[in-house]
Amino acid sequence: MAQAHWGCCPWLVVLCALGAWGHPKSVDLTAEDVRNCLISPPYLPVTVVNTTAQLTALRQQMHIQNLFAYIIPETDAHMSEYIGTRDKRRAWMTGFTGSAGTAVVTMGKAGLWTDSRYWTQAERQMDCNWELHKEVDTASIVIWLLTEVPAGKRVGFDPFLFSIGMFFPFLHLSTATRVTQPLW
C-alpha cells in the first residue's frame, strides 16, 4: 500500500487539515449585498436600480392601451444571442442585467422570472417593486398571469420579440392581445 509523503509540503498539510482549501464559500442571501423587502423600511444595496419611474410610465401607457399586463422578454427582433444596448428593454425596466429572464408587469404587480444562475444578481439589482420568481419555464409565467389577470382583461407584448416557439405557451391566455410597438 502506497503512502503519501507530506514531508516536503507541511503548509499543504495545515491547509487541508483546517479545511481552508477546496471548499467553496456558500452564498449567504441574508448578507447586506442583497435587497430585503420584508423589513420596514426595506434594505436596498447600492447596486439596486430604482425602477419606480419606468413602472409608472409603462403603467400609464398600459392604461391608455387598455392593457392589464405586459410581457417583456430578454430578446431583440432578430432573436440574437447577444443583444445590443438599445434592445435591452427588460434590463432598463427591471434594473436586472442578467442575460436570461422574462419580466411581466401588471397594473398592480411586477415580476421577473430567471434561472438559478441569476437569483443572487437579481436580488442585488432589483428594487422592491419587483417579485423574483425562481422558475424559468414559460408555463409558470402563464399560470401566474392566469391568476393575476382578471377575466376579460388584455395582456400585451411586442410581437417582434417573440418567436412562434416562444409564443405558443402563451396561447393558453384566452385574453391575449397584440401590441405592435413597444410602449415606452
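The values are calculated or read from the model by the stated rules, or taken from the named source; none is laboratory data. Bear in mind that the values here come from a model prediction, so they are computed numbers and not experimental data. Every residue, glycine among them, receives a Cβ derived from its backbone with ideal geometry; neighbour counts consider all protein chains shown. SASA here: full protein model, heavy atoms, side chains in, ligands and nucleic acids out. Shrake-Rupley method; radii C 1.70, N 1.55, O 1.52, S 1.80 Å.
Structure summary
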quantity: Residues that are part of a loop (DSSP other than H, G, I, E, B) and open to solvent by 30 Å² or more (accessible area, probe 1.4 Å), drawn from the range 123-137; calculated: Cys128, Asn129, Lys134, Glu135, Val136, Asp137
quantity: Conditions (1) closer than 17 Å to Phe157 by Cβ; (2) outside any helix (DSSP H, G or I); (3) polar (S, T, N, Q); number of the one not met by Ser140; calculated: (2)
quantity: Exclusive hit being polar (S, T, N, Q), under 14 Å from Phe162 (Cα atoms) and either under 11 Å from the mean Cα position of the chain (by Cα) or surrounded by 15 or more Cβ atoms within 10 Å (Cβ to Cβ) (or both), set Thr120, Thr102, Thr114, Thr97; calculated: Thr102
quantity: Scan of the range 143-161 for residues that are outside any loop (DSSP other than H, G, I, E, B), touching a residue at least 24 places away in the same chain (Cβ under 8 Å), open to solvent by 30 Å² or more (accessible area, probe 1.4 Å) and over 16 Å from Leu112 (Cβ atoms), ordered by number; calculated: Leu146, Phe160
quantity: Subset of the range 49-67 (residues that are within 17 Å of Glu131 (Cβ to Cβ), open to solvent by less than 50 Å² (accessible area, probe 1.4 Å) and among the hydrophobic types (A, V, I, L, M, F, W, C)); calculated: Leu55, Leu58
quantity: Test for Val46: is it open to solvent by 50 Å² or more (accessible area, probe 1.4 Å) and not in a helix (DSSP H, G or I); calculated: yes
quantity: Residues being touching a residue at least 24 places away in the same chain (Cβ under 8 Å), touching an Asp or Glu at 6+ places or on another chain (Cβ under 9 Å) and within 29 Å of Val34 (Cβ to Cβ) - total across the range 77-93; calculated: 1
quantity: Test result for Asp28, more than 15 Å from Gly156 (Cα to Cα), at pLDDT 90 or above and of a type in the set (D, E, K, R); calculated: no
quantity: Residue list for the range 96-128, filter: of a type in the set (Lys, Arg) and farther than 22 Å from Val149 by Cβ; calculated: Arg117, Arg124
quantity: Residue count, the range 68-79 (criterion: touching a helix residue (DSSP H, G or I) at 6+ places or on another chain (Cβ under 8 Å) and in a loop (DSSP other than H, G, I, E, B)); calculated: 5
quantity: Tabulated pairs, the range 119-134, first closer than 13 Å to Gln54 by Cβ, second assigned to a helix (DSSP H, G or I) and open to solvent by 30 Å² or more (accessible area, probe 1.4 Å), C-beta under 8 angstrom, 6+ apart or interchain; calculated: Asp127/Thr52; Asn129/Thr52
